[in-house]
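The values are calculated or read from the model by the stated rules, or taken from the named source; none is laboratory data. In this text, all values refer to a predicted model and were calculated from it rather than measured experimentally. Cβ coordinates were reconstructed from backbone atoms using ideal geometry, including for glycine residues, and neighbour counts include every protein chain displayed. For accessibility, only protein heavy atoms count, side chains too; no ligands or nucleic acids. Shrake-Rupley method; radii C 1.70, N 1.55, O 1.52, S 1.80 Å.
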Amino acid sequence: MKIFCYAVSKLEEPYVLNWSKKNNVEVKMIEAELSSENAHLAKGYDGVSSEGITPVDESVYTEFEKFGIKQLAIRQVGVDNQDLEAARRHGVTLTNVAAYSPRAIAEMGVTQAMYLLRKIGIYQDRMAQGDFTWDESTISTEIFHCTIGLVGVGHIGGATAQIYSALGAKVLAYDLAYDASLEPYVTYTDLDTVLNQSDIISLHTPLFPSTKNMIGEKQFKQMKSNAILINVARGELVDTKALIDALKNHEIGAAGLDTLADEINFFGIHKQPKDLPEDYQILKAMPNVLITPHIAFFTKLAIRNSMEIALDDAKKIIEGGKSRNTVN
Ligand code: NAD
């Protein structure tokens, strides 16, 4: 068996080599993400894996069909940028990695929230001006006196609930589905209650047409004026213009963002700051906003698991089996 593996970084290579040896499967690696320009390289291979961040057009699946390739194992959770129907039309089974390390993403959300709760960005700015004073506008609250509101408590929201609960915070959760195993950590409630009562609101739903801009002008007006919004899920869950207005008008206190709307145009790319979108520039200049470049997933465990789980799925499907990570 031979698998063609796109988008493999130097960091990931050892995990691929190890998997290849253990499973006795030949794996060809390249650094470039799968695209219509390089899909032809997979000719002669039995299966394919790629990171899955960049959307691919139907021509990729047309080529795979011609080459007799029946699967594509992507190595991230979100499949919002994949054309699942096009893949299906060409007999290509798509798998994602539904849970490579929910704790990695959960810990990033909590880290951002703690940074903002303790007003560290504001003090970093002051100290850069030689100002070591403090005042009542920046007084903080211990986390165990905070109410946390989680929107979506699946893999990552559930892991987030456990961390906040262990820190002694009260945790409210809104989700379309109920998970009894989370009862020790959360109180399930409706979205309005989460928005009205929470000091920290953390988003953990997938991006669907139904969740796009689920946090907009109306929702910001429902939040406490010192509320901290955390988005380590998908940028498009939040209406960015409404977020900027809410911050400017002091309708909320702060925002932590690991994901930004339209980040596909600069994700993983080194650009000149002046070439980044205006919304980003405005947010970045605010001391009560913390932006990270979509790195919540970036831990050793998550990288290893995403590679191994994707290759396991590729092998399973090539051998005619089924994967519970199939998304189309
Ligand atoms: P999941 O599928 O395990 O959980 C999502 C939860 O959201 C489910 O419980 C679902 O019932 C709930 N949900 C769906 N629609 C809802 C709605 N309209 N209202 C309320 N709840 C709703 O997903 P996950 O693995 O926990 O991933 C959560 C998010 O994190 C996704 O957006 C994913 O793309 C993102 N993510 C980000 C990173 C990163 O590096 N920043 C890494 C991995 C995943």
Exercise. Tell me, what is the FRET efficiency for residue 43 and residue 264 to the nearest 0.05, using R0 = 35 angstrom and their Cβ-Cβ distance as r?
Worked result: 0.80
Problem set entry | the chain: relative contact order in percent, alpha carbon pairs under 8 Å with at least 6 residues between | 19 percent
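Relative contact order of the stretch 80-178, please, whole-number percent, based on alpha carbon pairs below 8 angstrom and at least 6 residues apart.
Numbers: 81 pairs, mean separation 27.5, N = 99.
Taking the mean separation of contacting Cα pairs over the length of the stretch 80-178, I get 28 percent.
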Problem set entry | Dipole of the chain, positive end: most advanced residue of 207, 153, 67 [Cβ charges, Cα centre] | 67
Exercise. In Å, what is the Rg of the alpha-carbon atoms in the stretch 176-284, and how long is Dmax?
Worked result: 15.0, 48
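So which GluC sites (Glu not before Pro) in the stretch 1-78 are both in a DSSP loop and have at most 11 other Cβ atoms within 10 Å of their Cβ?
Details: sites: 12, 26, 31, 33, 37, 51, 58, 63, 65; in loops: 12, 31, 33, 37, 51.
Taking the stretch 1-78 and a limit of 11 other Cβ atoms within 10 Å, the loop GluC sites (Glu not before Pro) found are 31, 37.
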Problem set entry | Candidates per GluC sites (Glu not before Pro) in the stretch 240-328, loop by DSSP, up to 11 other Cβ within 10 Å | 319
Problem set entry | In Å², nearest 10: area of residue 299 left accessible to a 1.4 Å probe | 50 Å²
Problem set entry | the stretch 203-328 - charge dipole about Cα centre, Lys and Arg +1 at Cβ, Asp and Glu -1, debye rounded to 20 | 260 debye
Exercise. Counting only the heavy atoms of the protein chains, how much of residue 318 is accessible to a 1.4 Å probe, in Å² to the nearest 10?
Worked result: 50 Å²
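Taking a 1.4 Å probe, which of 28, 218 shows the most accessible area, and what order do the others take after it?
Numbers: 28 95, 218 135 Å².
Order by accessible area, largest first: 218, 28.
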For this session: Compute the length gained on full extension between residue 81 and residue 249: take 0.36 nm times their separation in residues and subtract their Cα-Cα distance, giving the result in nm to one decimal.
Result: 57.2 nm
Seminar exercise, completed: Surrounding charge for residue 69, neighbours by C-beta under 11 angstrom, Lys/Arg +1, Asp/Glu -1, total +1
For this session: Calculate, in whole percent, how much of the Cα-Cα pair population of the stretch 7-79 lies beyond 18 Å.
Result: 39 percent
Exercise. Considering only Cα-Cα distances, which of the following residue pairs are longer than 18 Å: 248/284; 2/43; 212/284?
Worked result: 212/284
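Once you compute Rg and the Kirkwood Rh from C-alpha atoms, what is the Rg to Rh ratio for the stretch 53-144? Each step should come with its number before you reach the end.
Numbers: Rg = 23.2 Å, Rh = 17.4 Å.
A ratio of 1.33.
Tell me, what is the FRET efficiency for residue 136 and residue 292 to the nearest 0.05, using R0 = 41 angstrom and their Cβ-Cβ distance as r?
Details: r = 29 Å, r/R0 = 0.70.
FRET efficiency, residue 136 to residue 292: 0.90.
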Problem set entry | Potential extension, residue 285-residue 271 segment - 0.36 nm per residue separation minus Cα distance | 3.3 nm
Exercise. What percentage of the solvent-accessible surface of the chain, computed with a 1.4 Å probe over protein heavy atoms, is contributed by carbon and sulfur atoms?
Worked result: 53 percent
Exercise. Computed FRET efficiency, Cβ-Cβ of residue 183 and residue 54, R0 56 Å: what is it to the nearest 0.05?
Worked result: 0.90
Exercise. In percent, how large is the relative contact order of the stretch 170-284, given Cα pairs closer than 8 Å and 6 or more residues apart?
Worked result: 21 percent
Seminar exercise, completed: Residues other than residue 252 with Cβ under 11 Å of its Cβ, Lys/Arg counted +1 and Asp/Glu -1, net out at 0
Problem set entry | Principal semi-axes in Å for the stretch 48-94 [√(5λ), Cα gyration tensor, largest first] | 17, 11, 9
